[in-house]
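Note sheet for the following structure.
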Amino acid sequence: MSEHAVIIGAGAVGCLSALELVQRGWRVTVVERGRLGMESSWAGGGILFPLLPWNYTEPVNRLALAGAAHHATLCEQLLAETGIDPQFQMCGMRILPPFDLAVARQWCQAHSIASELESESLWLPQVAQARNPRLMQALRALMLKRGVTLLEHTQLLPLQQDSGRVNAWQDSEGHVFDADIFVLTAGAWSQGLLGRHALSLRMKPMRGQMLLYQLPPATLPSLLYQEDFYLIPRMDGHILAGSTVEDVGFNKATTPAIATLLATRAAALLPQLADAEIIKHWSGLRPGSPDNVPVIARHPAFDNLYLNTGHFRYGVTMAPASAEILASLVCGEAPAVNAEAYAFPKPG
Ligand SMILES: Cc1cc2nc3c(=O)[nH]c(=O)nc-3n(C[C@H](O)[C@H](O)[C@H](O)COP(=O)(O)OP(=O)(O)OC[C@H]3O[C@@H](n4cnc5c(N)ncnc54)[C@H](O)[C@@H]3O)c2cc1C
């Protein structure tokens with residue numbers, strides 16, 4: 001009988017962790033409080049690249065670039081095996097001033113990222129995107145095809161055990177899960193699920209609000225970025241405008257003031273949006289972590305509890321590489337990416 005992993009949380013990180021473990025011969029159960037992929041992984045923009053990577057530390061960029069490198073093949077595989085197209089496209093990103101051009105060019109050169117200076121903007125032709133809801137639907141289909149057991153509407157309670165080994169983890173209906181290992185991929189809710197065993201983990205939800213428009217396809221050919229605001233053009237003419245980074249706790253409300261702010265910025269970047277109807281306004285809670293560095297590690301107090309969480313602004317981008325690291329740690333393999341920076345934080 002193969003070893004059994006229970007994965008807690010079916011966002012992009014949990015689903016890809018499940019697939020990596022299945023590939024290594026594990027029996028996997030994914031437990032999800034709501035429906036698969038409907039939290040941060042649904043709400044995000046699907047840009048597969050850090051925004052102004054030169055402003056982040058090396059561990060963030062290392063994981064983001066490693067994750068980004070997987071997405072073309074992953075999306076191809078998802079389409080071929082499930083018939084669901086995540087609409088991966090390498091549409092490029094144009095960065096408008098102000099930004100530090102010298103630092104940006106130097107970073108691109110050092111990381112072999114193509115960049116061209118066009119007038120005062122920086123064109124990054126290799127930046128890609130995928131369409132989150134489709135990506136998540138395709139991941140669901142592939143997981144089921146690979147034999148993963150998916151339990152939706154199943155909410156685990158905060159961990160009750162002392163230390164050593166997690167023998168049982170209970171859900172809100174009194175059902176008890178046992179497994180050889182548990183993997184915590186509950187995004188913004190991960191710290192709460194650890195209860196007092198969160199120790200020195202410092203995660204918090206960070207709300208992001210987004211607007212959706214529809215224009216004729218190809219009105220905007222590429223991603224457009226200026227001062228922490230972006231427009232994301234989908235293949236069918238939908239355009240996403242976002243987003244905010246708000247420290248408001250577990251509050252997923254959308255606010256009219258932010259809608260006005262985002263709409264003003266959207267119209268300033270793309271004048272056709274000034275008269276376009278806002279089709280939808282939503283928000284999601286990112287798993288915020290210090291410096292945007294996730295934790296991909298075994299819990300210091302439990303032999304069979306692993307964390308893969310805290311990917312903050314780039315979880316969809318990072319998820320394939322992060323899942324690979326997680327599975328390597330579980331199986332005692334050397335991870336393909338240096339994972340020391342993603343250790344469980346030390347006290348103090
Ligand atoms: C507006 C916005 C824009 C973004 N844009 C981008 C972008 O362009 N590119 C990018 O890479 N990233 C982006 N992100 C960030 C990205 O979405 C996240 O980093 C990523 O989705 C995190 O994935 P996750 O699987 O860790 O978390 P989630 O997708 O939040 O999944 C966690 C899951 O755990 C479940 N869960 C919670 N508690 C329990 C429990 N007690 N029991 C069982 N299950 C539980 C939740 O229901 C949820 O489904 C954006 C996010 C937002 C909000």
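What follows is calculated from the coordinates using simple rules that are stated; it is not laboratory data. Given the structure is predicted, the values throughout are model-derived calculations rather than measurements. Every residue, glycine among them, receives a Cβ derived from its backbone with ideal geometry; neighbour counts consider all protein chains shown.
Tabulated data for the structure shown
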read-out	value
Overall dimensions of the stretch 181-283 by Cα: Rg and Dmax, Å	17.2, 53
Computed P(r) (all Cα pairs; the stretch 290-335; 10 Å bins; percent)	28, 53, 19
GluC sites (Glu not before Pro) restricted to DSSP loop in the stretch 318-348 with at most 12 other C-beta within 10 Å	Glu333
Globularity index of the chain, i.e. its alpha-carbon radius of gyration over 2.2 N^0.38 Å	0.98
Cα convex hull volume per residue for the stretch 1-51 (Å³)	80 Å³
For the stretch 232-331, the fraction of alpha-carbon pairs in successive 10 Å shells from zero, as %	12, 32, 28, 17, 9, 1
³J(HN,Hα) computed for each position of the stretch 270-276 - Karplus, 6.51 cos²θ - 1.76 cosθ + 1.60, integer Hz, glycine/proline x	9, x, 4, 7, 4, 9, 7
Spatially proximal lysines relative to Lys252 (Cα-Cα < 23 Å; intrachain offsets below 8 disregarded)	Lys204, Lys280
Cα-based Rg and Dmax for the stretch 57-188, where Dmax is the largest Cα-Cα distance (Å)	21.0, 62
Residues of type aspartates and glutamates that Lys346 reaches as a straight line, Cα spacing below 20 Å, ignoring anything fewer than 8 places off in the same chain	Glu58, Asp162, Asp291, Asp303
Highest-MSF residue in the chain out of Arg298, Arg146, Arg94 [GNM, Cα springs under 10 Å]	Arg146
